[in-house]
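Only the coordinates and a few stated rules stand behind these numbers; no lab work does. Treat the numbers as computed from the prediction; the structure is a model and nothing was measured. Cβ placement follows ideal geometry from the backbone for every residue including glycine, while neighbour counts extend to all protein chains displayed.
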Amino acid sequence: MVNVIWLILLLSGILVAALNGNLPLVTSAAFDAVAYAVKVAIELIGVISLWLGLLKIAEKAGLVRLISKIVAPIASLLFPDVPRSHPAFFAIIMNLSANFLGLGNAATPFGLKAMEHLQELNPEKDTASPSMITFLALNTSCITLIPTLVISLRSQAGSADPAEIIGATVLATTCGTVFAIVFNSILKRKYFHKH
């Protein structure tokens, strides 16, 4: 459906440009945008590599393990039906810890593994379990301490202080996470405690 919407927007833009006699501008803008996208992508590789390197050092220094120890008791409360010794629990902890540090790329494999293991625990294979829904809500809204991609984009855009977004990001993601947990709890009580 999203592809259809994009196609409609693209075709309507081209049609409007053609009707107004601005079709050469559309072609020029498309080539300019492609060149700019390649430039930004190459510049982002360097900045993201720097952040990932620093965060890898933090991981080697035990920061991820420390955050995992902090997150584990909270995860036990949020996922009471997932045994702490199960691989799903470890994948959930690692995903949330990586998201917390702004390592979305590192969090993705753990998220996929967590869902795979949660499906193993799921008694109804054709329906998402409460733990799967909770995990998806948390993964989507996870508190982010260091928004590496946003900092990188702000740096590439010439921001005087690319990291000033950290406070706002922590506040916004905390609000999102709290809302996700509360809303998930309400819906869980309504739909899964009926049985």
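How many lysine pairs are close in the chain, with Cα atoms under 25 Å apart and the two 8 or more places apart or on different chains?
Taking the chain as the scope, the lysine pair count is 10.
For labels at residue 15 and residue 170 in the simple 7 Å Cα→Cβ model, what's the distance in nm?
Label at residue 15, label at residue 170, 5.0 nm between them.
Stretched out fully, how many nm does the piece from residue 72 to residue 149 gain, at 0.36 nm a residue minus the Cα gap?
Once the chain is fully extended between residue 72 and residue 149, it gains 25.1 nm.
Relative contact order (percent) for the chain, with alpha-carbon contacts under 8 angstrom and 6 or more residues of separation?
For the chain, the relative contact order is 17 percent.
Assuming R0 = 30 Å, what is the FRET efficiency of residue 6 and residue 45, from their Cβ-Cβ distance, to the nearest 0.05?
0.70
Calculate, in nm to one decimal, what residue 108 and residue 57 gain on full extension: separation in residues at 0.36 nm each, minus their alpha carbon distance.
16.4 nm
Could you sort the peptides 170-177, 80-87 by per-residue average Cβ neighbour count (10 Å cutoff), highest mean leading?
Final packing ranking: 170-177, 80-87.
Using per-residue counts of other Cβ atoms within 10 Å, averaged over each peptide, order 91-97, 66-72, 118-124, 141-147 from highest down.
Those peptides, ordered most packed to least, come out 91-97, 141-147, 66-72, 118-124.
How high is the FRET efficiency between residue 160 and residue 37 when r is their beta carbon distance and R₀ equals 41 Å, given to the nearest 0.05?
Efficiency at R0 = 41 Å is approximately 0.95.
Could you compute the net charge surrounding residue 135? Neighbours are other residues with a C-beta less than 12 Å from the C-beta of residue 135; K and R count +1, D and E count -1.
Neighbourhood net charge equals -1.
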